[in-house]
Amino acid sequence: MYTPLVMAHSIVRYIVLVALALSFINAFWKDRSKKPFVKTDGTINRIALSFLHVQALLGLILYFISPKVDFNAGFMKNPIARYYSVEHVTLMIAAVVLVTIGIARVKRLPDTKKHYSVWGFELIALALITIGLLTLK
């Protein structure tokens, strides 16, 4: 059961990165060109958010069943155990929360600020995801 989940988590990450990148680029471009927020923009954002939430769910399941997650004495001295037990999960949850907040704020903001909210929060989240994927040595 562990291996199919790892494979799914590995495959979905590329879908998440593409969906988030498309959502970010769409919001950034439309914010800079002062385009109005339309239904298609909301759909793009929700698709990216949905894939991100699926990835987070897969990751949390793996977190609780993975042998790489270790909280035994001295685990903070082991870079691999520290990465999987603390660093990766913290950065990824922070990224999911940021994207969720950025997209949820769209409902309450005026049209002129909606795209900015999306791309601003997604930019920070993409930076956290990149850091979280590249920190393992």
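Looking at F51, F37, just one residue is part of a loop (DSSP other than H, G, I, E, B) and either under 21 Å from the mean Cα position of the chain (by Cα) or surrounded by 17 or more Cβ atoms within 10 Å (Cβ to Cβ) (or both), and that residue is F37. Taken together, I129, I80 contain a single residue that is over 27 Å from G42 (Cβ atoms) and among the hydrophobic types (A, V, I, L, M, F, W, C), which is I80. Let me spell it out: the conditions are (1) surrounded by fewer than 15 Cβ atoms within 10 Å (Cβ to Cβ); (2) assigned to a helix (DSSP H, G or I); (3) modelled with pLDDT under 95, and A127 meets all of them except one. Which number is the exception? Result: A127 passes all but (3). Restricting the first member to segment 36-65 and to residues that are within 19 Å of S117 (Cβ to Cβ), and the second to residues that are at pLDDT 95 or above and aromatic (F, W, Y), the beta-carbon pairs closer than 9 Å and six or more apart or on different chains are A48/F24. For the structure I just gave you, tell me whether K30 is in contact with an Asp or Glu (Cβ under 9 Å, 6 or more places away or on another chain), in a helix (DSSP H, G or I) and among the basic types (K, R). When the stated conditions are applied, K30 passes them.
The values are calculated or read from the model by the stated rules, or taken from the named source; none is laboratory data. Only a predicted model underlies this, so the values are computations on that prediction, with no experimental measurement involved. Backbone-built Cβ (ideal geometry, glycine too); neighbour counts: all protein chains shown.
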